[in-house]
């Protein structure tokens, strides 16, 4: 019956109707008929759905944090939230998930939650990397990098990025690693940069040949490592503080100037978000410092013209807050942040200056938040030797 009705409908009309339906409904419709399954699963429909017109009302919160279970035993928990109106009265939209393979020995303070990029998100620690579509509840555990640290050296991961290469039409993960002399023979002269890139379609790691590469010292914050305008962004330090960019298509680095008022000498910390479709910088007092209520204001800068350092504009000046780290901006006016030192999630309304506790908490410094819109984007299956795409 359903097949006969669908065949009588004009194909474009069916697609137009399907694009207006919630994602959960689309996933159910895949089980109704082979025709609907083929339409919804097709790359054409997935791309149309990804590029459909949306508003901030279509945004959801993905909240990841570490929960202490026993002495030195923690688990990584992922939660999904939405709100009914244009406020910050959030409610859960599905049960919490225990994140697979994320088993920190101390806590999840080293975890990185990166994305979204076309609806996909990467969660990674120092060992495991998991690619997730929060909307479809699909995930795949990626194979680890095969490249070992040279004998006599130690290695640390100082930067991780995830984004889309529009030229190769592939998703990539990039890692910036630093090799340094193994203690007690530590020698600054032995410091070397290594760059690993993982291409998801073929599920393969490769090293970039940057033998003489000189990079700024990368500072990692919970609200950084962001993909925007084809590039991953980190905070770096040379003589001044800069934004280090890695173009996913050309696989080249460049430095981007920050506002003159932003520097490390007065103990400032930083976050990167997208606000009203513009690259946005959050400048706040370093969480290890005592806050002076007369001068330690938080500043929010937006970049009017991407890549032009002189186009930074100070958008907001905020009363000093006891903030561990900014985490995300929701609906273009709710700043979500971790309140120090409690490990509790708060919101700050950029329009009304209202501060609100959201009654969401985790181990201090383990809170991670990303804002996503539902998509049908498929997780690349990789090669025949890759791990399988699974469901939460």
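Figures for the structure shown
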read-out	value
Single condition residue 206 does not satisfy, out of (1) part of a loop (DSSP other than H, G, I, E, B); (2) over 18 Å from residue 307 (Cα atoms)	(1)
Residue tally, condition touching a residue at least 60 places away in the same chain (Cβ under 8 Å) and exposed (fewer than 14 other Cβ atoms within 10 Å of the Cβ), over the range 71-97	1
Test: residue 298 is in the same structural domain as residue 178 (by TED's automatic domain parsing) and in contact with a helix residue (DSSP H, G or I) (Cβ under 8 Å, 6 or more places away or on another chain)	no
Verdict on residue 164 being in contact with a strand residue (DSSP E or B) (Cβ under 8 Å, 6 or more places away or on another chain), surrounded by 15 or more Cβ atoms within 10 Å (Cβ to Cβ) and at pLDDT 95 or above	yes
Residues of the range 271-287 satisfying the condition of being within 21 Å of the chain's Cα centre (by Cα) and crowded, with 19+ Cβ neighbours inside 10 Å	271, 272, 273, 275, 279, 280, 281, 282, 283, 284
Residue tally, condition in contact (Cβ under 8 Å) with a residue 40 or more places away in the chain and within 23 Å of the chain's Cα centre (by Cα), over the range 37-56	5
Those residues of the range 252-270 which are surrounded by 15 or more Cβ atoms within 10 Å (Cβ to Cβ) and either in a strand (DSSP E or B) or at positive phi (or both), in sequence order	253, 255, 256, 257, 268, 269, 270
Boolean, residue 44 is under 29 Å from residue 277 (Cα atoms) and either in contact with a strand residue (DSSP E or B) (Cβ under 7 Å, 6 or more places away or on another chain) or assigned by TED's automatic domain parsing to the domain that holds residue 362 (or both)	no
Given (1) more than 18 Å from the chain's Cα centre (by Cα); (2) crowded, with 19+ Cβ neighbours inside 10 Å; (3) at pLDDT below 90; (4) under 25 Å from residue 117 (Cβ atoms), number of the condition residue 241 does not satisfy	(4)
Hits in the range 12-21 (condition: out of contact with any helix residue (DSSP H, G or I) (no Cβ under 8 Å at 6 or more places or on another chain) and either surrounded by 11 or more Cβ atoms within 10 Å (Cβ to Cβ) or in a helix (DSSP H, G or I) (or both))	12, 13, 16, 17
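The values are calculated or read from the model by the stated rules, or taken from the named source; none is laboratory data. Predicted model only: the values in this text are computed from it and were never measured. Methodologically, a virtual Cβ is constructed for each residue, glycine included, from the backbone with ideal geometry; neighbour enumeration extends over all protein chains shown.
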